[in-house]
Each structure stands twice: as structure tokens, then as C-alpha cells.
Amino acid sequence: MTSHAVRTPRRFLWSTWHTGLTILAAVSGVVYLWALNLGQRSEYYAAIAVSMSQTWSNFFFGALDPAGTVTLDKIPGSYWVPALFVKAFGFSTWAVEAPNAIATVVAVILIAVSVKRLAGPTAGLLAGAIFAATPIVAAVARSNQPQSFFLLTLALVLWSATRAIHKESLGHLVLAGVWIGLAFQTYMLEAWAVWPALIVAYLFFVKKSWWVRIRDLVIAGVTSLVVSLSWIFIVSMIPASARPYVGGTYSNSPWEMVFGYNGLGRFSSTASETAAYRSFTPPFSGTASAVRLFNEQLAGQIAWLIPATVLALVILFVLKFNRALTVLLGVWFVTFAVMFSVVAGMHQFYTSALAIPMAALIGIAFAEARRQKVLWAQLALIGLSAVTAIVIGLAYPSFLAWLPWVQVAIAIAAGLAIYFADALSWRRTWWVAVIAGAAMILTPAAWSIDTINRSSSINPMAGPDTGFGGVGGGMGAKGGPDGKDGKDGMSGKDGMGGPGKGQMPQGPPPGMTAGTMPQGGAAPSGMGAPGGIGNTANSALVTYLQANRGSATYLFAVFGAQAAAPYITSTGESVLPIGGFDGSDPVPTLEKFTALISDGALRFVQVDGDSKKGGPSSGAAGSEAVSTQIQTWVKANCSLVTDSSVASSQLYDCAQTK
């Protein structure tokens, strides 16, 4: 297969490409990294980074609490680097969010480099800029959610997969499979959604014999499968008594966690549909439909260039660009778009993965149209992007409503520049491509830059409302109840993402480092009691617990990880999160819990009448939740602490049972 890269003098390549790439990386770095330490963080994921930083066992398993009682409900690949940052620099908002920002900047560079090799510097820089300017990409880059390392590994897949197809290389195909396997470690089954595109492109367009093509795909597929399942297999081989309980499961099985809870469970609405695994569907992106990506919750996050992407596919076919690469990127885009349209529920930031094939397709289509001097294709891409910006912009009239019209004005200027540059045969037209790029991404780029002012780590979003529930909704209006992945269930004042009443203070207290108590005994507020919304855990409670716990392993026990998280991040000490993430995990069992009390490993337990009772502990219909059993036992057998400093905390002392 022949390369479609633009032939340009080496000096021009250096002066334009390297300068452009440096500027692109620098601007992306500023947008993603600026003032992270002053922003918002998901306390749940921050607590995981703290716990994982304390022992190598916690690090490998992804322990939710420092004592290694239960894991988070995902493979911990996305948290290994943040845990290392906490280990190296101490705990802070910056330490748990900077790795995501850096990973996204690297992804921007990788996408630009990969596309440049296929269609020249213009294509590469435009593709990198489109990805960097996608609002939901910027929003998640400025958070400690688990998406950014998934995007980085997908960018590595793009680099290897395009080389595998373009060079018909088994080595690069296998490498692409390895990167898909590593992507699986960061976001599980979603990573495998790249395989249909790779299979179709390699099987039907690579010029090798059928037998060789099938053999190559089998080798790469098996390699990818081994890398993907390595963590699951290792964990499943370790006795349950020698590791933490696997979160999100009935059976303490990593297979159930990945393929049930995080797989089939995302396509079913309730756990009653099956007794084999738990079910969870985040309710933050509207109902599944063919036009879901354009609904109120998602349009401003990802939809700006979806119509242009569809047009880019048409242009690449019309211009007879490399069919194999067009099919690879086209099937990749369609697979992810369909997946996000039909899944039962999801966070908005899941859709950020779409930005990679979208950026590549548009960048290549525009550059190829420039190379072949096809005026209609260039103008159509610019014009459709501008029209889409107007349509989406009108849906959010209170937020930068004037900006799409500026984009239209620039689009007109870009069209005129392209026309005269071609008509007059101007030699150096890099500035034309810059204007054209601005005409396509101006409005979403402005939304992305605005994320600096609108921190939303709990449920990362860009635009006028970064609240927990979705655009226009704030907490509870459209997002549903106390959430998943956002964990804390808080969005800030009036659901707008900024610090507000009942929200965790941002950044560590003065003098805070991992595993230490903040100076002055300060403790977090906003997440102290079960349920995670509107409750407080003040310094008096932490001071009382540390003064009276004796030799207990756990500072105290609470119901659910949301309640435990702020205590873990502020003290670095072991807090027992009964029931795991939402109180539904059967860990510890009542028998194990009472054994902890008898052995002196646990003394204090905080309960709350509004806390979640959790789901069934065994998957059997009607069985009583373990967390409910424990709460009942605590209230019946332990003494309510009446000390005036903690009297309102619903704290029970189990040192001497009734």
C-alpha cells in the first residue's frame, strides 16, 4: 500500500510540524494542568490512591481501604500511576489529578504523530487539536476519574493499529493487541470494542493470503487476550483469605466483577434480571436511543464534530484514500458510537473515547482534500462544523451563545482563504489550515478552556452546568440518585460544580501528607456519615476516635465507601467500609465483623438511619443484606457514644457489648 503523506521539504516539515506540535502540547498542558490543586476531586477515587500507595499488596489489588479489606469495583490499572504520585509527592488534589492531565497531553501528541504519518503535518496537527479541544476530554483530564489512562492506551492502539494496516505488519498488529490488553486493565471490556475495526481492516484489506491474515489475527488476538486477562487470572488464583474482597460482586470473583458487574450489568437495569451478578447502570446520559449522543446531557460534551466525522468518511471514500485505513477508523468510530447509544446507562465522560477516531478521520479528510485541491470537501467540512456549532450552541443559550456565530464568521474567512490560496497557487498556506482548524473547533475549544473555571471531578463535564446530574439538571434533576463513579454524590453549590454547602473542601488541609493527620486535627466535612450527602465529619470526631480506639486496626467502621473516603484521605488511616462502594458487597460478613470486634481490631462503628442498606448478599431473591445485618447487630449490642463532642455522630462503641 502506498502512503498518502504530503511530500514537503524537510525544512518546512520542521518549521511547521514541530513548532505546531510544541504549541499544541503546551496549550493542552496549560488547559489540563492549570490550577489543578485548587479544583475538585472525587474523594472516593482519591481514597483509593491513598490506600494503594501504602502497601504493594494494596497497589496490585486496588484496595479501597488502607487495611486492604475490599477492592474498588474495577481493575485498578487507571490508579497505579496516581498511587505512585501519592507515594512520591504525598497526598493532595494535584497528586491524584495531575497523572490524568499528563496522560491526556501525551495522548494528544500520540494522536497527532500517528495521523501525521498517514496524511501529513496538517492532518496530524488538526487531529491532535480536535482531540484536545473535545470538551469532555478536557473535563475528564482535569479530574481523578479513571478515563484518561484509557484514552492514553487507545492513542497507543491508534499508533500501532494504523501502522499494522498501513505496513501490513504482524509485529505492529501484535503490539496493537498488547495495547488493547493494557487498555483493558484501565477500563475493561470497552477496550475490546476496538477489535472489530482491526479485524475487518486487516482481514479484508491487507494483501496477504487468507491463511496468513487469519494466522496473524489469531496471534495478535491471543496475545491481547492474555494481557487483558492477566490481572483477573492472577487474582482468581490467590486464595480469598490472602487478598481483599473483590468489590462489586456477590461471589468475591474478579471474573464476576469484570464480566458481570462491569459487563452485562451495564446493559441490564436491575440486579433482579439475574442472580449471577450485580447490576449497575449510571443514569447520567439519558436513555438509550439512536440520537442519544445529541441529547441535552451529551451534545455539548462530544457531538460538535460527529456530523463532520460522518462527512469525513464520505470524503475519504470519494477521494479514494487508503481503503484499509478508512475502514479501520470508520468501523472504530461506528462501533463506539453504537455502543454508547445502546448501553443502558453511562457517565458523560465515557464518550470521550469517541474523540480519537473522530479526530483522525476529520484530520485526514481535510488534509487529503487539501492535497488533492478538492474545494467542495474542504468547504463542506468547515461549513458543517460551523452549522453544528450553531445548533448545539442554541441548545445552551446562557453559555457562550455568541461564540458559534464567531465560528461561522471564521468559517467564511477560512472558505475565502482556501479558495484564493488554491486559485492563486500560493506556495506556503499553513496559515490557511490554521484558520480552517479554528473554523471547525472554536466553540468546543472554548468549552474546553472553560473547564479551568468549572471543576467537576465527581462527574466530569464541560459547559454551563458541571453538576452531578447533567446539563441543566444539577444534582438530582437529571442525574438520578447518589451516583456511581462520582461516588461522593455531590456537585457543589446549586449543582454547578463549585465548592458549596456540604461539599468536601478541596485540596489537603495544611501539613497533610499521606498517612498523617492534618495539622490541628482538621478533618473533612461533607461526607462523614453514611449516605455521603449533607452529613459532616468534623475534627472532634476524628480526635475522639484517635484518642479512644486503643490498639484497634481500624480507626472505625462506616457503611459504604462514600462515607469512608474522606476519613481515609484526611488521616491515611484504615477505615472499614462495610459493604464496599455502596454498602451492597457482602464484606465483611456478620461473622467476620463480630470476630473483628472480639479480636479488638475494631471498636467504633458509625451508623445512620438514612444510610444505604445494600443489596442482597448472595444473589438469592429476598436475602437480607449483610450491611443490614451488621447495622441491626451494632444497634442491638453496642453502646451509643454520648460524649458531647460526638453525640450527633451516631457513633457506637462495641468494646463492651450490651
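The values are calculated or read from the model by the stated rules, or taken from the named source; none is laboratory data. Keep in mind it's a predicted model, so treat the numbers as computed, not measured. Cβ sites come from the backbone with ideal geometry, for glycine too, and all protein chains shown count toward neighbours. Just the protein is used for accessible areas: all its heavy atoms, side chains included, with ligands, DNA and RNA removed. Shrake-Rupley method; radii C 1.70, N 1.55, O 1.52, S 1.80 Å.
Tabulated values for the structure
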{"item": "Selection within segment 364-389 - open to solvent by less than 10 Å² (accessible area, probe 1.4 Å) and not in a helix (DSSP H, G or I)", "result": "none"}
{"item": "Hits in segment 532-548 (condition: at pLDDT 90 or above and open to solvent by 10 Å² or more (accessible area, probe 1.4 Å))", "result": "543, 544, 546, 547, 548"}
{"item": "Segment 341-363 - residue that is open to solvent by 10 Å² or more (accessible area, probe 1.4 Å) and not aromatic (Phe, Trp, Tyr) and, of those, modelled with the lowest pLDDT", "result": "344"}
{"item": "One residue from 168, 190 being within 20 Å of residue 360 (Cβ to Cβ), in a helix (DSSP H, G or I) and acidic (Asp, Glu)", "result": "190"}
{"item": "Hits in segment 589-641 - residues which are modelled with pLDDT under 90, outside any loop (DSSP other than H, G, I, E, B) and open to solvent by 50 Å² or more (accessible area, probe 1.4 Å)", "result": "none"}
{"item": "Residue list for segment 57-67, filter: farther than 20 Å from residue 145 by Cβ and open to solvent by 20 Å² or more (accessible area, probe 1.4 Å)", "result": "57, 60, 67"}
{"item": "Long-range neighbours under 9 Å by Cβ, at least six apart or interchain, first residue over 12 Å from residue 296 (Cα atoms) within segment 381-402, second open to solvent by 10 Å² or more (accessible area, probe 1.4 Å) and not in a helix (DSSP H, G or I)", "result": "398/464; 399/464; 399/465; 400/464"}
{"item": "Per-region count, segment 102-125, residues of a type in the set (A, V, I, L, M) and closer than 25 Å to residue 231 by Cβ", "result": "5"}
{"item": "Residues of segment 86-100 classified as touching a helix residue (DSSP H, G or I) at 6+ places or on another chain (Cβ under 8 Å) and outside any helix (DSSP H, G or I), total", "result": "2"}
{"item": "Which numbered condition residue 165 misses (of (1) touching a Ser or Thr at 6+ places or on another chain (Cβ under 9 Å); (2) of a type in the set (A, V, I, L, M); (3) open to solvent by less than 50 Å² (accessible area, probe 1.4 Å))", "result": "(1)"}
{"item": "Where residue 288 falls short, out of the listed (1) within 18 Å of residue 584 (Cα to Cα); (2) touching a Ser or Thr at 6+ places or on another chain (Cβ under 8 Å); (3) modelled with pLDDT under 90", "result": "(1)"}
{"item": "In segment 210-259, residue least open to solvent (accessible area, probe 1.4 Å) [restricted to those that are in a helix (DSSP H, G or I) and of a type in the set (D, E, K, R)]", "result": "216"}
{"item": "Only listed residue being aliphatic (A, V, I, L, M) and more than 20 Å from the chain's Cα centre (by Cα), chosen from 88, 63, 46, 83", "result": "88"}
{"item": "Residue match in segment 241-254 (condition: of a type in the set (Phe, Trp, Tyr) and farther than 24 Å from residue 151 by Cα)", "result": "yes"}
{"item": "Residue among 305, 329 that is in contact with a Pro (Cβ under 7 Å, 6 or more places away or on another chain) and of a type outside the set (Val, Ile, Thr)", "result": "329"}
{"item": "Candidates 233, 184 - the one that is over 22 Å from the mean Cα position of the chain (by Cα) and among the aromatic types (Phe, Trp, Tyr)", "result": "233"}
{"item": "Count - residues of segment 42-54 that are open to solvent by 10 Å² or more (accessible area, probe 1.4 Å) and at pLDDT below 95", "result": "0"}
{"item": "Contacts under 9 angstrom Cβ, first residue in segment 67-85 being assigned to a helix (DSSP H, G or I), partner among the basic types (Lys, Arg) and open to solvent by 10 Å² or more (accessible area, probe 1.4 Å), 6 or more apart", "result": "none"}
{"item": "Test: residue in segment 415-434 that is crowded, with 16+ Cβ neighbours inside 10 Å, over 30 Å from the mean Cα position of the chain (by Cα) and modelled with pLDDT of 90 or more", "result": "no"}
{"item": "Test: residue in segment 93-116 that is open to solvent by 10 Å² or more (accessible area, probe 1.4 Å) and either on the phi > 0 side of the Ramachandran plot or of a type in the set (S, T, N, Q) (or both)", "result": "no"}
{"item": "Subset tally (residues that are open to solvent by 10 Å² or more (accessible area, probe 1.4 Å) and among the aliphatic types (A, V, I, L, M)) for segment 306-340", "result": "13"}
{"item": "Where a residue in segment 287-306 is free of Cβ contacts under 8 Å to residues at least 12 places away in the same chain and its partner, wherever it lies, is crowded, with 16+ Cβ neighbours inside 10 Å and in a loop (DSSP other than H, G, I, E, B), with Cβ under 7 Å and at least six apart", "result": "295/286"}
{"item": "Residue 137 vs. criteria buried (at least 24 other Cβ atoms within 10 Å of the Cβ) and without any contact (Cβ under 8 Å) to a residue 60 or more places away in the chain", "result": "no"}
{"item": "Some residue of segment 549-568 being β-branched (Val, Ile, Thr), under 23 Å from the mean Cα position of the chain (by Cα) and modelled with pLDDT of 90 or more", "result": "yes"}
{"item": "Of residues in segment 551-571 being in a strand (DSSP E or B) and not aromatic (Phe, Trp, Tyr), the one surrounded by the most Cβ atoms within 10 Å (Cβ to Cβ)", "result": "558"}
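Residues are listed down the side, and each one gets a yes or a no for (1) at pLDDT 90 or above; (2) small (Gly, Ala, Ser); (3) open to solvent by 10 Å² or more (accessible area, probe 1.4 Å); (4) part of a loop (DSSP other than H, G, I, E, B):
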| residue | (1), (2), (3), (4) |
| --- | --- |
| 512 | no, no, yes, yes |
| 516 | no, no, yes, yes |
| 527 | no, no, no, yes |
| 530 | no, no, no, yes |
| 573 | yes, no, yes, yes |
